[in-house]
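The values are calculated or read from the model by the stated rules, or taken from the named source; none is laboratory data. Keep in mind that this is a model prediction, so the values were computed, not measured. Glycine also receives a Cβ, built like all others from the backbone with ideal geometry; neighbour counts cover every protein chain displayed.
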Amino acid sequence: MLLRALIVQFHRLTRSESSLATTSAELKQVNARLDTALNNMSQGLCMFDRDQRLVICNERYLRMYGLTPYDAPPGITLEQLLARRLAAGSFMGDITDYQSRLLDRLGDGTRIYIQTELPDGRIVAVLNQATPDGGWVATHEDVTERQRAAWRIAHMARHDALTDLANRLLFSERMDEAFTRLRDTGEGFALFIFDLDLFKAVNDSLGHPVGDALLKAVAERLRKHVPEDCTVGRLGGDEFAILMPGGDDRRGAAAQLAHTLLDVVGAPYDVDGSRIGIGISAGIALAPEDGDDTSTLLKNADLALYRAKAAGRHCVRFFEMEMDAQARMQHVLEIDLRNALARGELDVHYQVIVDVGTRMPCGVEALVRWQHPVFGPLSPDRFIPIAEDTGMIIAIGEWILRRACTDAMAWPAHIKVAVNLSPVQFRDPGLVPTVRAILATAGLPPSRLEIEITESVLLQKNAVITGMLTELAGLGINIVLDDFGVGYSSLSYLRQFPFSKIKIDRGFVSEMTQRTDCATIVSAVTGLAHALDMQTTAEGVETWEQFRLVQAAGCSQAQGYLFSKPQPADRIDFSRRGNGERSHHG
């Protein structure tokens, strides 16, 4: 306000010759005050009269634009001043056009705010305010840092902090824009949803810093190989998405890009001294065929992703209508599973495990079955994943263990019973006390119980979980490593925990007769196990040729349809050899 008052007073005095003659002392005093005020401002200031001539400007204005006092003397026109700024490299644009637009708007008596970028990259905000006599005052402020900070904040709000790809918010906005174009022009598009196979294993085994570095490396490859007209986003964790604009053959173009990503993203990475091999599983949905709004298309792309994972990972699937029907079925099963225990719909069947040397039964594996009232008998692979996702596996797993221990008490004393425990069950702090109480109630010696775990339990590298396993083993329970050889880093776990037994995955056993490398792997595993004083069980033995090979490889035990299908407890005959003959030794 003081500066405005000084300017107005200075302007009035300089426009009146009689006042100038009679009040020179007053003018000198006002001029001194005005110079002090003007030259200590943080903003550049200049004032023009009604003839577009410069009345006054301060030092800050001159420094901002690289001018000297000789470049901006009083009386110079706006056009001349802008020309000198252009010569000094501090003006961009057409002088005549700028001047014309400015004067037109000043004529309306409005305040004019202009933000412009200078040739050197600085950003200046200019506020022009008309004065009553037809002139105007302009203030110039360097807002470079403020504006860049605002841009950074705006960028951060819509981009992933780790990879700098679009985040969920920006990706959703781009999808909304794509649907708007679809409605306006009929231009469809493709949506990719994909995640990294075995990323959790990398995180758990090598640490989160390596996992973060891997995500950044993946993002860099996406930026390099995904077309520029696509939007690439990270939706969270290891889940990524791509929005691909439409064309004449959207499905074909999407398939081509997907297979490029399989090759590019799936190529090995060197991260912090570790060579990491991963793959991706991707689901693709097309608009408008597979959805005419954002939520529907995302849901259907997710369903396609789940199908890709179920197909064995490192592959791509397009959405198909039956996927939605299957998802609805999963939802129905989830609801029904919550009541299955109370309704008595679950049952436990047992598959015999035989001693390779005698072919006599030495144990059984407990396998849960669900007799659904509508869909009939369901195998574990239909409902156990649902139970794990919802947490129902805690109650179901406890029931299976209790039932298996109770049934085992009716069998010969040398028969052991194996029960699978889910990784989710190890999140329950009451697991060990529950197992101890079940054994005590059933009266089953701990040495007759085998608890089977997969590598996914150990991948969590959790001291609490290791402590639970150690405590269970301390009770005398046998801890078995299941599906050996198909995980991320099996050998390290044999050092990490003293297992009683290793179960060799059926995938190796089934191909032993066709592939020598599988037979070699089985032999190597059994040799390693024997050296570590562990037993081995070959899973999935279905033919006598396979049995002879696992016998030659040195496996301790065998399990498979050759000897027994899973069946109820009361139908197991422990006196029969693996070939169906009854033993004469009791």
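Which of the residues spanning segment 348-396 are assigned to a loop (DSSP other than H, G, I, E, B), β-branched (Val, Ile, Thr) and more than 20 Å from Glu450 (Cβ to Cβ)? Matches in segment 348-396: Val374 only.
Of Tyr70, Tyr61, Tyr65, Tyr98, all but one fail to be in the same structural domain as Gln115 (by TED's automatic domain parsing), over 52 Å from the mean Cα position of the chain (by Cα) and aromatic (Phe, Trp, Tyr); the exception is Tyr70. The condition of being surrounded by fewer than 15 Cβ atoms within 10 Å (Cβ to Cβ), under 57 Å from the mean Cα position of the chain (by Cα), in the same structural domain as Gly135 (by TED's automatic domain parsing) and not in a helix (DSSP H, G or I) does not hold for Asp104.
Selection of segment 107-130 for residues being surrounded by fewer than 17 Cβ atoms within 10 Å (Cβ to Cβ) and farther than 22 Å from Arg53 by Cα yields Gln115, Thr116, Glu117, Pro119, Asp120, Gly121, Arg122.
Can you work out which of the residues in segment 396-419 that are of a type in the set (Gly, Ala, Ser) and loosely packed, with under 13 Cβ neighbours inside 10 Å is farthest from Ile572 (Cα to Cα)?
At the first step, the residues of segment 396-419 found to be of a type in the set (Gly, Ala, Ser) are 397, 404, 408, 410, 413, 418.
Remaining after also requiring loosely packed, with under 13 Cβ neighbours inside 10 Å: 410, 413.
Details: Ala410: 11, Ala413: 15 Å.
Here the answer is Ala413.
For the subset of segment 131-157 comprising residues that are crowded, with 17+ Cβ neighbours inside 10 Å and at pLDDT 90 or above, which member is farthest from Leu45 (Cα to Cα)?
Our first condition is that a residue be crowded, with 17+ Cβ neighbours inside 10 Å; within segment 131-157, this holds for 131, 135-142.
Among the residues that remain, those that are also at pLDDT 90 or above are: 135-142.
Working: Gly135: 14, Trp136: 11, Val137: 7, Ala138: 6, Thr139: 5, His140: 6, Glu141: 9, Asp142: 12 Å.
Within segment 131-157, the match that is farthest from Leu45 (Cα to Cα) is Gly135.
Scanning segment 561-575 for residues that are under 45 Å from the mean Cα position of the chain (by Cα) and in contact (Cβ under 8 Å) with a residue 60 or more places away in the chain returns Phe563, Ser564, Lys565, Pro566, Gln567, Pro568, Ala569. Quick one: which of Val271, Val264 is farther than 20 Å from Pro245 by Cα and at pLDDT 90 or above? Of Val271, Val264, the one residue that is farther than 20 Å from Pro245 by Cα and at pLDDT 90 or above is Val264.
Which of the residues that make up segment 338-347 are among the hydrophobic types (A, V, I, L, M, F, W, C) and not in a loop (DSSP other than H, G, I, E, B)? Even if it seems obvious, please write down each step before you answer.
Taking segment 338-347 first, the residues among the hydrophobic types (A, V, I, L, M, F, W, C) are 340-342, 346.
Answer for segment 338-347, where residues must be among the hydrophobic types (A, V, I, L, M, F, W, C) and not in a loop (DSSP other than H, G, I, E, B): Ala340, Leu346.
If I ask for residues that are of a type in the set (Asp, Glu) and surrounded by fewer than 21 Cβ atoms within 10 Å (Cβ to Cβ), which ones from segment 221-250 would you list? Give the steps one after another, and end with the answer.
If we filter segment 221-250 for residues that are of a type in the set (Asp, Glu), which is where we start, we get 228-229, 238-239, 248-249.
Glu228, Asp229, Glu239, Asp248, Asp249 - these are the residues of segment 221-250 that are of a type in the set (Asp, Glu) and surrounded by fewer than 21 Cβ atoms within 10 Å (Cβ to Cβ).
How do the strands (runs of 3 or more DSSP E) wholly within segment 117-221 filter down when requiring 2 or more residues that are touching a residue at least 60 places away in the same chain (Cβ under 8 Å): which remain? In segment 117-221, the matching strands (runs of 3 or more DSSP E) lie at 136-142, 189-197.
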